[in-house]
Amino acid sequence: MEKTITARTGNEAMAEAMRQINPDVCAAYPITPATEIMQIFAGFVNDGRVKTNLITVESEHSAMSACVGSAAAGARTMTATSSQGLALMHEILFIASGIRLPIVMADVNRALSAPINIHCDHSDTMAERDSGWIQIFSENTQEAYDSMLQANRIAEHKDVITPVMVTTDGFIISHGMERLEMYPDAEVQKFVGEYKPQYTVLDVDHPITVGSLVLTDYYLEYKKAQHEAMKAAKRVILEVGKEFGKTFGREYGLIETYKADDADFILVAMGSTAGTAKAAIEELRQEGIKAGLLKIRVFRPFPAEEIAAVLTKAKAVAVLDRCESMSNQAGPVATEVKAGLYDAGVKVPLASYIYGLGGREIYIEDIKNVYRELKNIAEGKLKPEQAKYIGLKE
Amino acid sequence: MSSPKQAAAVENKLTGGHRACAGCGFPIAIKEVLSSCKDPIVVVSATGCLEVTTTIYPYSAWKVPFLHNAFENAGATCSGVEGAYQSLKKQGKITKNIKFVAFGGDGGTYDIGLQSLSGAMERGHDMLYVCNNNEAYMNTGVQRSSATPRGANTTTSPAGKVINGKQQNPKDLTEIMAAHNIPYVAQTTVGMWPDATKKFEKAFSITGAKFVNIYAPCIPGWGYDNSQTIKISKLVVDTCMWPIYEVENGKYKINYKPSVKLPITEFYKTQTRFKALLKDEAAIASIQAYYDAKWARLQLMEEATNKA
Ligand SMILES: Cc1ncc(C[n+]2csc(CCOP(=O)(O)OP(=O)(O)O)c2C)c(N)n1
Ligand code: SF4
Ligand SMILES: [Mg+2]
């Protein structure tokens, strides 16, 4: 297969992926730093490079509402948003997943107001972690592009039929120019395949009622069915990731490890910071510190067993959260990692950190310090702290 | 369908056995809409009495495709369905001609769903939006909406010792929709079947965004005997509080001008929600003046927009 090596920002890569997927409908509303995705895509629409009907709605609430209408009508449907936009969609995100519509969305991670801020953190995506959407994080532009190309296959799989959001870190990935290997349109389209919905409201010969009032007698069963779909999603994500590897040469799983096999100290991170951590690990290994990384690619469904299996061998673990959940305990990632370890019966010293809120930079040196703290914790010189802030001004 | 008799002869696309109150206005509105559409139709609905009473799982009263999303987004949801249809039709994946209608209550349309409706109309989707106006949030127990008439007793604008019912006149949504310059905007009432169905038939024959505001009385919310729905929904027209008119490509047409214009109190007397208001003569006089001015203005609009 002839791959094209290009230089692209995360937003450009997302828009290119959408062009190749060529959805039937997109409904979207602008918000920094995601705006570009739809701007670029609008160009594809108006130049006739895609068949998509682009519905330029008057809010993100309407964007997700129109996506629900479109997906219920059996059209392959996509959108993109960020931060306040995702928060405005909140109510309808649960409806999209609840009535089982395989919508695919690019979300560019950005801090939530207040105070208003346009830069990266994961608070927008994390606020929707219970919305019933599959959530896939990206370390870089290539991963964002690759995950976007897998998203429809996952969402539309008959055992899943659940919406998917693929996220990139605002500005860091969305606006950072990186090397991107693109695959030929025809190969992508072959991989993504044709969408054949089981039921649609446009099938006027077989009328269905969608969005019924489900009361005490069936609501629980309805939710259990969704729960089972989320379980199945784990298997399907792995299958699709494997097939993607066979087709395009890069395989994807739920998590990725970097030098974790023999590591004494493992750091858990998501998104672009995983890349920074890899650089820190290289330097620490030179110093003789056996540092390793566990990157969570898929946050929903949460790969608890897989994470516990990796962390069980560590002497100490640090979990980095680019989000505050104001629980006074830890950020959302650390909380879930700890729950997973408990269920697996793994008792390992664990420190949790909050970093990078509102786009605050995180440097290699910051991450090296975390590993040094882990070393001290393992040696009994330091007690593990929870929700410790990194990079705070004195 | 010009008469209820004719409509009854064809297949009922909204079956009986739904849970709306006996004598409720909106099932009539639905029948007027569905019997006026010759093509297959897809129905979108906002949350409210209409949706809640017709779709209690595992049952459905609908024999046409039906989609409920949320309370405030019937406009956007329907624009998504229609958008999908346009895309799939262009690709040759669908060959049938299908029509789209979105229903919203006055709460879901005048208030919380106004933005969503405005957006859908501005974008010109080929759809009809029908506001089922029963002048309050009935599904949640008769709270005031911006469609509730001044002086009406609701659970959030009660007839109290100091404040007597709702203090504001209703928002004129039909005029707001006319200001969108869409091809067809109309106001009708469930009790005037020929007028309503003629309007829906016309709406379905026009390509683009259409809006019809239909007056649909609510028995417990308004306080009257359930045999009086049709009578009350006609009486309001004779007071000129709810004129029956249409705006087609900017041209106003008043479809019914009462030979004797009744005072608003004739309408108020039929419902308990106005009981306390009826004792307040000053308020009545001021409200009467308000509706008189609105009626005069509407006639001027008809005159002005029909000048050659
Ligand atoms: C976002 C949101 N807010 C509030 C509600 C509660 N709610 C459901 S229906 C309704 C009132 C419906 O009133 P209207 O639109 O006039 O319809 P009706 O029941 O009167 O026909 C309200 C307040 C909701 N479902 N969603
Ligand atoms: S409460 Fe009113 S609107 Fe609701 S079903 Fe009964 S009569 Fe109809
Ligand atoms: Mg109402």
Subject >> Candidates B:THR156, B:THR188, B:THR148: whichever shows maximal mean-square fluctuation once chain B is modelled as a Gaussian network with Cα springs under 10 Å >> reply: B:THR156
Original post:
What is the sum of charges around B:ASP39, taking Lys and Arg as +1, Asp and Glu as -1, for the other residues whose C-beta is under 10 Å from the C-beta of B:ASP39?
Top reply: +3
Original post:
Under the definition of partner shielding as Cβ atoms of other protein chains within 10 Å of a residue Cβ, what is the mean value for peptide A:227-233?
Top reply: 0
**OP:** Can you send over the solvent-accessible area of B:CYS49, 1.4 Å probe, protein chains only, in Å² to the nearest 10?
**Re:** 40
Subject >> Whether the range A:136-189 is rounded, prolate or oblate, judged on the alpha carbon gyration tensor where a/c under 1.5 counts as rounded >> reply: oblate
**OP:** Calculate how steeply helix A:219-248 sits against the longest principal axis of the alpha-carbon atoms of chain A, using the helix alpha-carbon long axis, and give the answer as 0 to 90 degrees to the nearest 10.
**Re:** 80
Subject >> chain A: angle of helix A:60-72 to the longest principal axis, Cα-based, in degrees nearest 10 >> reply: 60
**OP:** Report P(r) for chain A: all Cα-Cα distances, bin width 10 Å, range 0 to the bin holding the largest distance, values in whole percent.
**Re:** 5, 23, 33, 24, 11, 3, 0, 0
Subject >> Sequence-distant residues sharing a close amide H with A:LEU54 (under 5 Å, placed H) >> reply: A:CYS26
Subject >> A:ASP146 accessible area, assembled protein chains, probe 1.4 Å, Å² >> reply: 0
Subject >> Solvent-accessible ranking of B:LYS231, B:LYS90, A:LYS242, A:LYS3, largest area first, probe 1.4 Å >> reply: B:LYS90, B:LYS231, A:LYS242, A:LYS3
**OP:** Quote the Stokes-Einstein diffusion coefficient, in whole µm² s⁻¹, for chain B, based on the Kirkwood radius over alpha carbon pairs, a temperature of 4 °C and a viscosity of 1.567 mPa s.
**Re:** 66
**OP:** For the range B:117-130, take each phi angle, set θ = phi - 60°, evaluate the Karplus expression 6.51 cos²θ - 1.76 cosθ + 1.60, and give the result in whole Hz per residue in order, putting x for glycine and proline.
**Re:** 5, 4, x, 5, 5, 4, 6, x, 4, 7, 8, 10, 10, 10
Original post:
How high is the relative contact order of the range B:4-305, in percent, counting Cα pairs under 8 Å that sit 6 or more residues apart?
Top reply: 17
Original post:
If the cut-off is a Cα-Cα distance under 12 Å, which aspartates and glutamates reach A:LYS259, setting aside same-chain residues fewer than 8 apart in sequence?
Top reply: A:GLU282
**OP:** Divide by every residue of the protein assembly as shown the summed helix terms, -39500 (n - 2.57) for each DSSP H run of at least 4, and state the resulting mean residue ellipticity at 222 nm, rounded to the nearest 500 deg cm²/dmol.
**Re:** -12000 deg cm²/dmol
Original post:
Ignoring ligands, DNA and RNA, how do B:HIS18, A:HIS122 rank by accessible area with a 1.4 Å probe, largest first?
Top reply: B:HIS18, A:HIS122
Original post:
Which chymotrypsin sites (Phe, Trp or Tyr not before Pro) does the range A:323-394 hold that lie in a coil by DSSP with at most 16 other beta carbons within 10 Å?
Top reply: A:TYR363
Original post:
Taking all protein chains as present, what is the carbon and sulfur share of the accessible area of chain B, in % to the nearest whole number, probe 1.4 Å?
Top reply: 55
Original post:
With every protein chain left in place, what is the accessible area of A:SER59 in Å² (1.4 Å probe, nearest 10)?
Top reply: 10
Original post:
Which distance in nm do the two modelled labels at B:ASN181 and A:PHE94 give, with both placed 7 Å along the Cα-to-Cβ direction?
Top reply: 4.1
**OP:** List the relative contact order of chain A as a percent without decimals, with contacts defined as Cα pairs under 8 Å and 6+ residues apart.
**Re:** 15
Original post:
What is the average number of partner chain Cβ atoms found within 10 Å of a Cβ in B:59-65?
Top reply: 5
**OP:** Extending each Cα 7 Å along its Cβ direction at B:ILE254 and B:ASN97, get the distance between those two points in nm, one decimal.
**Re:** 3.5
Original post:
How would you classify the range A:43-191 from its alpha-carbon gyration tensor, with a ≥ b ≥ c the square roots of the eigenvalues: rounded for a/c under 1.5, else prolate if a/b is greater than b/c, otherwise oblate?
Top reply: rounded
**OP:** Would you list which lysines come within 24 Å of A:LYS190, measuring only between C-alpha atoms, while excluding same-chain residues fewer than 8 positions from it?
**Re:** A:LYS3, A:LYS51, A:LYS158, A:LYS234, A:LYS242, A:LYS246, B:LYS89, B:LYS90, B:LYS93
Subject >> Those residues of the range B:42-66 whose amide nitrogen sits under 17 Å from the label point placed on A:ASP205, 7 Å along Cα→Cβ >> reply: B:42, B:64-65
**OP:** Excluding B:GLY108 itself, calculate the net charge of residues whose Cβ lies under 12 Å from the Cβ of B:GLY108, where each Lys or Arg counts +1 and each Asp or Glu counts -1.
**Re:** -4
**OP:** Note down the relative contact order for the range A:237-394 as a percent, whole number, built from C-alpha pairs under 8 angstrom at least six residues apart.
**Re:** 22
**OP:** Find the Cα radius of gyration of the protein assembly as shown, compare it with 2.2 N^0.38 Å by division, and give the number to two decimals.
**Re:** 1.10
Subject >> Cα shape, the range A:255-389, gyration tensor, a/c 1.5 rule >> reply: rounded
**OP:** Take peptide A:303-314, look around each residue's Cβ out to 10 angstrom, count Cβ atoms belonging to other protein chains, and average those counts.
**Re:** 0
Original post:
When the accessible area of the range A:184-264 is computed with all protein chains present and a 1.4 Å probe, what percentage of it is carbon and sulfur?
Top reply: 53
**OP:** Treating cross-link reach as a plain straight distance, find the lysines whose alpha-carbon is under 21 Å from the alpha-carbon of B:LYS261, omitting any fewer than eight places away in the same chain.
**Re:** B:LYS231, B:LYS234, B:LYS253, B:LYS269, B:LYS294
Subject >> Semi-axis lengths, Å, the range B:242-308, gyration tensor of Cα atoms, sqrt of 5 times eigenvalues >> reply: 29, 12, 9
Original post:
Relative to the longest principal axis of chain B, what angle (0 to 90°, nearest 10) does the C-alpha long axis of helix B:281-305 take?
Top reply: 40
Subject >> Accessible-area order (highest first, 1.4 angstrom probe) of the listed residues A:VAL45, B:VAL236 >> reply: A:VAL45, B:VAL236
Original post:
For A:HIS157, what is the net charge nearby, where nearby means another residue's Cβ is under 11 Å from its Cβ and Lys, Arg count +1, Asp, Glu -1?
Top reply: 0
Subject >> Buried accessible area, chains A and B (both chains, 1.4 Å probe, Å² to nearest 100) >> reply: 3000
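The values are calculated or read from the model by the stated rules, or taken from the named source; none is laboratory data. Given the structure is predicted, the values throughout are model-derived calculations rather than measurements. Note that each Cβ is placed from the backbone with ideal geometry, even for glycine, and that neighbours are counted across all protein chains shown. Ligands, DNA and RNA are excluded from the accessible area calculation, which covers all protein heavy atoms including side chains. Shrake-Rupley method; radii C 1.70, N 1.55, O 1.52, S 1.80 Å.
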